[in-house]
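The values are calculated or read from the model by the stated rules, or taken from the named source; none is laboratory data. None of the values given here were measured: they were computed from a predicted structure. All Cβ positions, even for glycine, are placed from backbone atoms using ideal geometry, and neighbour counts span all protein chains on display. Quick note on the areas: whole protein, heavy atoms, side chains included, nothing else; ligands and nucleic acids left out. Shrake-Rupley method; radii C 1.70, N 1.55, O 1.52, S 1.80 Å.
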Amino acid sequence: MTWASEARGDAVVLNGRGLPEWLHPVARAAETIEPLQLSRFLPPENGSGRQSAVLILFGEGARGPELLLMERSGSLRSHAGQPSFPGGSLDPEDGDPLGEGPLRAALREAEEETGLDPRGVQPFAVLPRLYIPVSRFVVTPVLGWWREPSPVGAVDPNETARVFTVPVADLTDPANRTTVVHPSGFRGPAFQVESTLVWGFTAGVIDRLLHYAGWERPWDREKLAPLDWSS
């Protein structure tokens, strides 16, 4: 059985071998990064919350390294219309939330939402679990290398409005960076890329990965982008 993410029987395991040189800083950062270095929102100590996983998938496109993102359908109950990583809740068949469950869930959800072939994805690291208070999701970010790219697109328009890739060069461009200000008081990093504003949990994780991988460029944190209540 040939699987870039390295399957052992029914198991899906992390595999950091054979990554491109440019991805090594991300892999190294993932080995040492602490939860509070990623977010101040951490899973509740009482174990509550909805176990979920997202796939942070790095590929190589015409303009170099890039990330796979999607825009959620505007009809969804949680985070409607927002750009995000592919991902979702763990199913019982995904397995142990503290074991291989998040890897299985991230690959399964990415396939269901974007149509990508999971056999071409090599999971190489898992970041600390984080928390999204508004939806009560306990999120495990799974880092992957898109070793064998496959066609992607919105599989179900009721869940996914569109699927797109963003060059890392655009994410690190100071001209595309801003701070969002929500009426609720939330402030956080954001990226104006691919005709959309990437903010919230997704932007926060991207921001920290760029920083700890050494890819971040100085940008104007006083440049503000207001959000409305419907966001």
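What number comes out for the charge environment of Glu71, summing +1 per Lys or Arg and -1 per Asp or Glu over other residues with Cβ under 12 Å away?
Working: positive: Arg72, Arg162; negative: Glu113, Glu159, Glu194.
My count for the surroundings of Glu71 gives -1.
Accessible surface comparison of His211, His24, probe 1.4 Å, protein chains only, largest first: the order is His211, His24.
A cut-off of 5 Å between modelled amide H atoms, ignoring neighbours fewer than 5 places along the same chain, links Ala154 with Val163. The spread of Cα positions in segment 21-167, taken along each principal axis and listed from longest to shortest, comes to 45, 38, 28 Å.
Counting charges near Glu112 (Lys, Arg +1; Asp, Glu -1) among other residues having Cβ under 9 Å from its Cβ returns a value of -4.
Once the 1.4 Å probe is applied to the protein heavy atoms, the chain comes out at 48 Å² accessible per residue.
When only Cα pairs under 8 Å and 6 or more residues apart are kept, what is the percent relative contact order across the chain? Don't jump to the answer; show the numbers that get you there.
Values: 482 pairs, mean separation 54.2, N = 231.
Dividing the mean separation by the residue count of the chain yields 23 percent.
Translational diffusion of segment 121-229, estimated by Stokes-Einstein from the Kirkwood radius over alpha carbon pairs at 25 °C in a medium of 0.890 mPa s, is 156 µm² per second.
How much net charge surrounds Leu55 when only other residues with a Cβ under 10 Å from its Cβ are counted (Lys, Arg +1; Asp, Glu -1)? Kindly include the intermediate steps, with their values, before the conclusion.
Values: positive: Arg108; negative: Glu109, Glu111, Glu113.
My count for the surroundings of Leu55 gives -2.
The residues Val163, Val139, Val134, Val152, sorted by heavy-atom accessible surface at 1.4 Å with ligands and nucleic acids left out, run Val134, Val152, Val163, Val139 from largest to smallest.
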